[in-house]
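Here, each number is a calculation from the coordinates, and none is a lab measurement. Note that this is a predicted model, so its numbers are computed, not measured. Note that each Cβ is placed from the backbone with ideal geometry, even for glycine, and that neighbours are counted across all protein chains shown.
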Amino acid sequence: MTTQDEDLGALVRKGVRWSFASTLVSRLANLISGMILARLLTPNDYGLFAVATVVLVILININDLGIEQVLVRWPGDVSKVAPTATTVIFGFSCVMFLVFFGGAGLFATALGAPEATELVQVLSVSLLINGALAVPSAILTRSFRQDLRLYADMSGFVITTGLTLALALAGVGVWSLVWGRLAGNLVNGLMHLALTPARYKPAFDPKIAKELLRNGIPLGGATLLTVLMVNLDNMVIGPILGPTTLGLYVLAFNLSSWPITLLSIPVARVSVPAFARLQHDLDAVRVAFTRSMGLLMAAAVPICGLLAIMAVPTIRLMYGEKWVGAATALVFLAVLGVARVALQLCFDLLIALGHARRTLALQAMWVVALLPALVLGASVGGVAGVGVAHMLVAVLIMVPAFLWTLGRLGIPAAGLAKAVARPFAGVLLLCVVPFLATRHLSPDLLILAVGGIGGLLLYLPVVAPMRSGLAELTSVGKKEAAGQHP
């Protein structure tokens with residue numbers, strides 16, 4: 001727990017360091033284990049697992065009814081509301097478990113893979129685990145204790161990876177992914193409970209429950225639409241193109257999600273409480289948000305640029321020839337990755353400032369625009385068509401919509417354009433070397449080495465002057481005392 005006189009800048013710096021460390025370590029380990037599993041399992045295995053998890057992922061992100069986010073930004077003493085929050089979240093999670101378990105066959109059949117029914121039923125237990133341990137997770141986030149989250153996340157990851165690899169080597173197939181995920185979720189949740197700075201027994205106060213739901217349901221609705229938007233492609237591909245093609249797409253989407261998992265998720269754990277504490281100083285919010293956007297783009301743009309240009313050699317080297325079909329989607333999904341990083345920070349800002357209903361409207365717009373685009377893309381262009389549809393909706397519809405919304409909050413598009421100008425100018429230079437390398441060099445390892453190193457050598461001098469923005473960003477919060485116990 002932080003002391004009252006610890007300034008927000010110090011909290012943010014500490015939280016960001018640990019959050020990035022946690023994500024980087026887990027992503028690198030996940031990359032290595034994924035490369036091994038890709039050679040032990042098939043695209044069809046991954047497709048069946050995607051079917052089994054697509055509805056679960058949606059439900060597990062709304063079973064808290066948005067209350068977890070409410071606890072993170074609660075302006076007063078959270079100990080007065082946490083016991084009721086524990087009861088409400090777990091109670092609703094039990095209802096979701098019964099629905100998901102009982103309807104497993106219907107869900108799997110609707111997604112084009114009735115053989116995944118038993119996988120769905122086993123994974124539904126994750127809803128109970130998540131619901132029971134949501135409040136400890138919120139307290140860690142509110143406390144900026146990303147160091148403790150690192151221990152919890154890595155413990156769960158070690159169990160997931162170790163068990164999955166062991167079972168895959170034993171020839172269990174897709175069930176290795178299921179049992180590994182379930183065991184990892186349990187260990188991760190128990191570690192959150194053990195490490196949280198405060199624990200609360202279940203209780204129930206109708207007035208508190210009403211207040212939590214009043215604030216949480218709009219946030220939960222926005223989260224539902226966010227997760228639905230990310231998983232809508234899986235729901236479309238399964239019935240139209242089948243589980244094997246879905247498996248290829250899942251690999252491409254996971255690779256394109258590196259920027260969002262490496263950058264946006266750890267930043268969100270810090271940015272929401274940080275923006276919330278600055279919400280009474282809109283000038284400070286504007287500066288912090290604009291600087292954050294520039295720095296995030298400086299990190300995300302080169303990753304996505306290299307993935308797009310070197311999609312084929314990247315997949316072939318890392319996962320093997322049988323997965324190369326995923327490259328056609330990755331080219332376009334990498335561009336989507338940049339947009340997702342930018343738009344996620346916008347969502348974080350809106351949530352922190354209390355604009356839950358506005359966030360919900362934007363998410364609804366995204367889903368409504370995306371569904372017909374994905375169906376058309378899958379029907380006409382296969383897995384690549386889905387990638388194109390995702391990219392076009394994000395870039396041509398959602399980016400302008402968010403710029404308009406931010407403008408109404410006093411954050412002009414011109415300031416954001418200036419903040420991201422260097423990364424987008426630099427990526428034009430970065431792409432030259434990998435483009436030439438893919439056409440004139442072999443083998444794949446040499447292509448990636450020359451293309452990656454050469455491209456970054458051209459890119460880094462362009463964005464180097466942005467380093468001063470990091471110091472300015474972390475100093476913004478010093479005018480605000482933390483002044484709140486978790």
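Worth pointing out:
- Helical contribution to [θ] at 222 nm, DSSP H n ≥ 4, -39,500 (n - 2.57), averaged over the chain, rounded to 500: -27000 deg cm²/dmol
- Working ranking of peptides 133-140, 308-315, 171-178 by packing, defined as the average number of other Cβ atoms within 10 Å per residue, highest first, is 133-140, 308-315, 171-178.
- Calculated from backbone phi, Karplus (6.51, -1.76, 1.60) coupling profile of segment 407-418 in Hz, x at Gly/Pro: x, 5, 8, x, 10, x, 5, 4, x, 5, 4, 5
- Among 200-206, 148-154, the order from most to least packed when residues are scored by Cβ within 10 Å on average: 148-154, 200-206
- Charge tally in the Cβ shell below 13 Å around Thr86, where Lys, Arg are +1 and Asp, Glu are -1, Thr86 excluded: 0
- Listed from fewest to most Cβ neighbours within 10 Å, the set Leu362, Leu195, Leu436 follows the order Leu436, Leu195, Leu362.
- Rounded to the nearest 20 debye, the dipole magnitude of segment 8-479 is 1340 debye, with +1 charges on Lys and Arg beta carbons, -1 on Asp and Glu beta carbons, and the Cα centre as origin.
- Under the shape rule built on the C-alpha gyration tensor, where the axes satisfy a ≥ b ≥ c, the chain is oblate, since a/c reaches at least 1.5 while a/b does not exceed b/c.
- Sites matching trypsin sites (Lys or Arg not before Pro) across segment 175-239 that sit in DSSP coil, with at most 15 neighbouring C-beta atoms within 10 Å: Arg199
- You can think of it this way: the chain between Lys207 and Arg439 has 77.0 nm of extra reach, that is 0.36 nm per residue less the Cα-Cα gap.
- Only one residue of Leu150, Val375, Leu246 has its Cα farthest out toward the positive end of the dipole of the chain, where Lys and Arg carry +1 and Asp and Glu -1 on Cβ, and that residue is Leu150.
- Computed from the C-beta positions of Val368 and Leu98, the FRET efficiency with R₀ = 22 Å rounds to 0.15.
- Charge dipole of the chain about the Cα centre (unit charges at C-beta), most positive-ward option of Thr261, Ala421, Leu330: Ala421
- Computed FRET value (nearest 0.05) for Ile453 with Arg408, which takes r as the C-beta separation and R₀ as 41 Å: 0.40
- In order along segment 205-222, phi translates into HN-Hα couplings of 10, x, 5, 5, 4, 4, 5, 4, 5, 4, 7, x, 4, x, 5, x, x, 5 Hz, rounded to whole numbers, per the Karplus curve 6.51 cos²θ - 1.76 cosθ + 1.60 with θ = phi - 60° and x for Gly and Pro.
- Each peptide in 44-51, 437-444, 156-163 was scored by the mean count of other Cβ atoms within 10 Å over its residues; highest first, the order is 44-51, 156-163, 437-444.
- Cα-based shape type of segment 300-374, given that a ≥ b ≥ c are square roots of the gyration tensor eigenvalues and the cut on a/c is 1.5: prolate
- The stretch between Ser79 and Val380, if pulled fully straight at 0.36 nm per residue, gains 103.0 nm over its current Cα-Cα span.
- Each residue of segment 393-402 was assigned a 3J(HN,Hα) from its phi angle through the Karplus expression (A = 6.51, B = -1.76, C = 1.60, θ = phi - 60°), giving 5, 5, 6, 8, 10, 7, 4, x, 5, 6 Hz with x at Gly and Pro.
- Under 13 Å, Cβ to Cβ, from Asn44 - net charge with Lys/Arg +1 and Asp/Glu -1: -1
- Charge dipole (segment 8-479, unit charges on Cβ, about Cα centre) - positive-most of Val433, Leu350, Gly76: Gly76
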